[in-house]
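The values are calculated or read from the model by the stated rules, or taken from the named source; none is laboratory data. Keep in mind it's a predicted model, so treat the numbers as computed, not measured. All Cβ positions, glycine included, derive from the backbone under ideal geometry; neighbour counts span all protein chains shown. SASA here: full protein model, heavy atoms, side chains in, ligands and nucleic acids out. Shrake-Rupley method; radii C 1.70, N 1.55, O 1.52, S 1.80 Å.
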Number of protein chains: 14
Amino acid sequence: MDSMTIIAVASIVIAGITTGFGTMGPALAEGRAVATALTSLAQQPDASATITRTLFVGLAMIESTAIYCFVVSMILIFANPFWNYSIALTAGK
Amino acid sequence: MDSMTIIAVASIVIAGITTGFGTMGPALAEGRAVATALTSLAQQPDASATITRTLFVGLAMIESTAIYCFVVSMILIFANPFWNYSIALTAGK
Amino acid sequence: MDSMTIIAVASIVIAGITTGFGTMGPALAEGRAVATALTSLAQQPDASATITRTLFVGLAMIESTAIYCFVVSMILIFANPFWNYSIALTAGK
Amino acid sequence: MDSMTIIAVASIVIAGITTGFGTMGPALAEGRAVATALTSLAQQPDASATITRTLFVGLAMIESTAIYCFVVSMILIFANPFWNYSIALTAGK
Amino acid sequence: MDSMTIIAVASIVIAGITTGFGTMGPALAEGRAVATALTSLAQQPDASATITRTLFVGLAMIESTAIYCFVVSMILIFANPFWNYSIALTAGK
Amino acid sequence: MDSMTIIAVASIVIAGITTGFGTMGPALAEGRAVATALTSLAQQPDASATITRTLFVGLAMIESTAIYCFVVSMILIFANPFWNYSIALTAGK
Amino acid sequence: MDSMTIIAVASIVIAGITTGFGTMGPALAEGRAVATALTSLAQQPDASATITRTLFVGLAMIESTAIYCFVVSMILIFANPFWNYSIALTAGK
Amino acid sequence: MDSMTIIAVASIVIAGITTGFGTMGPALAEGRAVATALTSLAQQPDASATITRTLFVGLAMIESTAIYCFVVSMILIFANPFWNYSIALTAGK
Amino acid sequence: MDSMTIIAVASIVIAGITTGFGTMGPALAEGRAVATALTSLAQQPDASATITRTLFVGLAMIESTAIYCFVVSMILIFANPFWNYSIALTAGK
Amino acid sequence: MDSMTIIAVASIVIAGITTGFGTMGPALAEGRAVATALTSLAQQPDASATITRTLFVGLAMIESTAIYCFVVSMILIFANPFWNYSIALTAGK
Amino acid sequence: MDSMTIIAVASIVIAGITTGFGTMGPALAEGRAVATALTSLAQQPDASATITRTLFVGLAMIESTAIYCFVVSMILIFANPFWNYSIALTAGK
Amino acid sequence: MDSMTIIAVASIVIAGITTGFGTMGPALAEGRAVATALTSLAQQPDASATITRTLFVGLAMIESTAIYCFVVSMILIFANPFWNYSIALTAGK
Amino acid sequence: MDSMTIIAVASIVIAGITTGFGTMGPALAEGRAVATALTSLAQQPDASATITRTLFVGLAMIESTAIYCFVVSMILIFANPFWNYSIALTAGK
Amino acid sequence: MDSMTIIAVASIVIAGITTGFGTMGPALAEGRAVATALTSLAQQPDASATITRTLFVGLAMIESTAIYCFVVSMILIFANPFWNYSIALTAGK
């Protein structure tokens, strides 16, 4: 295996794993937050404005960790400095 | 094994694993959210409008993490830059 | 092992694993949703229309993640671009 | 090991694993659904019609994920395109 | 190792694992269903007819997933197409 | 290692594992069922006839999954078609 | 390593593992059953006859799965057909 | 490594593992049974005779699974038929 | 594999794993904090100012651990001293 | 590695593992039993004689499983028949 | 692989893992502390000063363990004595 | 590697693992016992004499399992018969 | 790989793992202690002096176990006797 | 690798693992004990003297298991008999 293949394979593998496993935590956390929001709404319908607002702020922060993972995956697939360097090396040869 | 085979195999493996495991978290989270929604509806039928609306927003956000995984799988199968590069390399030879 | 065999084996293995493990999450989530629906129905029989409707929407969304896995498996078995490319390569030789 | 043996072994292994592990989730989920149905029936015998109907719809949807796994196993054993292709290749030689 | 031995070993191993692990889920699920049925009977002896009927339907559906596993094991041991093909190949030589 | 040894070893290993692990699920499930039966008897001594009958039916169904495992083990040790075939092959040589 | 050594080692290893791990499930299940029996006795001392009888039937059924494991171990150590066959083969040489 | 060393090592390893892990389940189960007995005694001191008797019967049955493991270990160390056979073989040479 | 490739691969792999797994903990922790905040709001709507303020401080501290992981990933991809050193070494050759 | 070294290493490794892991179960079980005894004493100080006596009998039985492990370790270190046999073999040479 | 590459790779891998996994515990612990603080605030709004103060002291102590991990990572990347030694060795050659 | 090194390494590794993992169970068990003692003291301060006495007896028995592990470690480091034998062998050469 | 590189790599790896995993337990334990302190403060604000004092003593003892890990890491990085010995050996050559 | 390097590496690795993992159990156990102490103090402030005394005795016993681990680590790093023996051997050569 030449160097470029190895880097390509590593990028593919890690891009998939980072997104595949990294979204597990946020998904479960959002499920928990939404579930509690629904319980709270059923228990105290009058506070629905505050509850909904806090829920959305919280979901945004949790989603941010999922987005970190997705960003790392996209960087590894489309803007990988190690891959670019080795293409440049090959082209410069 | 030549380089193209390795890249193909890695793409196949990771495409499957990313979708197969990455949908586990969202599925469980959605199951939890739906379950709590049903409990809340049974407890407070009058707030069904608010509950249903919050549930759908929440499900959409959770589903988004499952879709990240599916998107990464599809990119790896049908729009893989490493695979395209190595086809171009082979064709250009 | 020649390239085609490797790709075939990887496709078989991943097709099975993706479906076999990827349906675990949705199955458990649906079991939870159905279980809560039954509890809610027993607790509040009057709201059965709303509960049933919400349950079916929820089951559809959870089932969608199981279907992503099944779709990826079917693509890998019957519409695998890497396999088609290597058949074309063999045929073109 | 020649190519056909490898494909055969991979098909056997994955067919078994897909069914063996893929039915674990549905089985547990059905057990949960049935258990809750029984609790609900004991708690609210009058709603037995609605409960039984919802239970059967739910069991059908959960069973569908077990059937996806069984279908993939059967495809791998009896209608495996990779195996057919390599038999054709051997026969055509 | 010649091809036939490999196929035989893979069939033996997978036949055992599929049954050994695949019956774990159904067994636990049936244990849960039976346990809840007993609780329900103790709580509501008058509904014993409905409870017992629902229990038996549920057990039948859960048992079906255990039977899928057993069927796959039996196919692999006594009606294995890959094994038959390689016996035919040996005999035809 | 010659072919017969490999098949013998695989049969021994899988026979043990199938029984050793496959009886874990049924044992736990039966423990659960018996435990709940005892709780129910203490709670509702008058329904002891129905409870005991349902318990025995349930235990029989759970035990059936343990027996599947034991049967597969016994088949692998005493009626193994792959082993018989290879003895026949050796004898016929 | 000659064939007999391999078969001996496999038999030793599996005999130990089958008993060592296979008794874990039954032990835990019996612990659970006994524990519930004691709770039930404390709660309803009048029903001690029925409780004790049901407990003993249940323990017998759970113990049966432990005995399957022990039987397989003893067969592998003292009545192993593969070992006997290879001793016969050696003696007959 | 000659055959006798391998058999000796396998016997040592498995003797230790069988006892070391196989006593884990019984220990936990006995802990549970004793704990419940103490709770029951505190709750219903008058039934101490029945509780103690049932506890001892239960502990004896759970201990029996630990003793199966210990027996297998002792057989492997002091009455190992495979070891005896290979000593006899060595002595007879 | 030359040294640069190894360092590139290690950086890619670890960058992905650090973000992918390191955000799991914070995501779950934030989900828990948000969920409790919603419960508290439903229970004591008057204290919403204090609750929201404490929630945001807490989320910021939890998010900080996710950011440590993201920072390490970014350092490994874009400001890796080992990679820079080896580029300098290659350029200086 | 000569035979004696292998046997020595195996004995050392297994002696440590058997004691190290085999005491985990008894320790946890004793912790549970002691904890329940303390709860029971606080709840029913009058029954302290019966509770203490039952606790000590129970601790003795649980400790017995830890002692099985310790005994196996000591046998492997100080009275190992395989080690003695190979010393005798070496001395007799 | 020369010595410097190995040290570089080890440093990269461990720096990522230490931060990635080492922040999991603190994150979960902080999530728990914040969650309980919010529950306490909702339950006893008058004690908000004491609660907030204790929370911040506690978060600081928990965060300190996350910072130990981050410090070790930074030392390994930017102030690694083993790396410096081997650069000095190379430069001195 | 010569024999003495292997024995030394095995002794070091197992001495550490036996103590490191073997004290986990006792530590958790003691934590549980102490925690329950504190709960009991808060609930029934009058029985503090009996509770404290029972606690200390229990802690002593649990600690004994930790001491078994420590003893095995010390034997392996400072009174290892296999090590002594091989030193004697070396010295006697 | 020469000896110094191996020792350096082992020191780096273990320094990271010891801190990364060893702080997980203390972090979770501190989170638990802080959480309970907050619950207790909300429940009994009058005892805040005693609670806070006990909390700080407890946190100090738990933190001590995290500090053991950090100390071992620092010793391995900056005061490693094995590393010093091998530098001395190299310098003395 | 020469013998001394192997012994050094094994000592480093095990010293780190013993402390890193061995302090996990004590830390969690102390967290539990402290948490219960705080609950008890809030519930029964009058018994604070007895509670605090019992807590400190308990923490001391739990800490002792952490100290066993630390002692083993320190012995392996600074007073390792196997290392001393092999230095003596090298010096004596």
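Heavy-atom accessible area for residue B:53, with the other protein chains in place and a 1.4 Å probe, reaches approximately 150 Å². Mind checking the log10 I(q)/I(0) for chain B at q = 0.11 Å⁻¹? Debye, one equal scatterer per Cα, no solvent, two decimals. Calculated log10 I(q)/I(0) at the listed q: -0.50.
Each chain gives up part of its surface: L and J jointly bury about 3600 Å² of accessible area, both sides summed, for a 1.4 Å probe.
Around the amide H of residue B:44, modelled in the peptide plane, lies no amide H under 5 Å away from a residue 5 or more places distant or on another chain. For the rotational copies H and J, the chain H residue with its Cβ nearest the relating axis, together with that separation in Å, is H:28, 14.
Between H:29, H:37, H:47, find the one with the highest GNM mean-square fluctuation for chain H; connect C-alpha pairs within less than 10 Å. Evaluated over chain H, the most mobile residue of the options is H:47.
How high is the relative contact order of the range E:20-93, given as a whole-number percent (alpha carbon pairs under 8 Å, six or more residues apart)? Mind dumping the intermediate values first?
On the way: 23 pairs, mean separation 27.6, N = 74.
It comes to 37 percent, rounded to a whole number.
For chain I, the share of accessible area belonging to carbon and sulfur comes to 67 percent (1.4 Å probe, ligands and nucleic acids excluded).
Of all the Cα-Cα pairs you can form in the protein assembly as shown, what percent are over 62 Å apart? Of all Cα-Cα distances in the protein assembly as shown, 11 percent exceed 62 Å. Axis angle, to the nearest 10 degrees, between helix H:3-22 and the longest C-alpha principal axis of chain H: 10 degrees. Only one residue of A:69, G:85, K:43 has its Cα farthest out toward the positive end of the dipole of the protein assembly as shown, where Lys and Arg carry +1 and Asp and Glu -1 on Cβ, and that residue is G:85. Per residue, the solvent-accessible area of the range N:3-88 (1.4 Å probe, heavy atoms of protein chains only, all protein chains present) comes to 28 Å². Distance from the Cα centroid of the range A:1-73 to that of the range H:11-77 is 45 Å (rounded to whole angstrom). Per-residue ellipticity at 222 nm, computed for chain E from helices alone with -39500 (n - 2.57) per DSSP H run of at least four residues, works out to -31000 deg cm²/dmol. Label-to-label distance for residue H:78 and residue A:71 is 6.8 nm, based on points extended 7 Å past Cα in the beta-carbon direction. Applying the Karplus relation 6.51 cos²θ - 1.76 cosθ + 1.60 with θ = phi - 60° to the range D:26-37 yields 3J(HN,Hα) values of x, 4, 5, 5, 5, x, 5, 4, 4, 4, 5, 4 Hz, where x marks Gly and Pro. Principal axis analysis of the Cα atoms in the range G:53-93 yields extents of 57, 10, 9 Å, listed in decreasing size.
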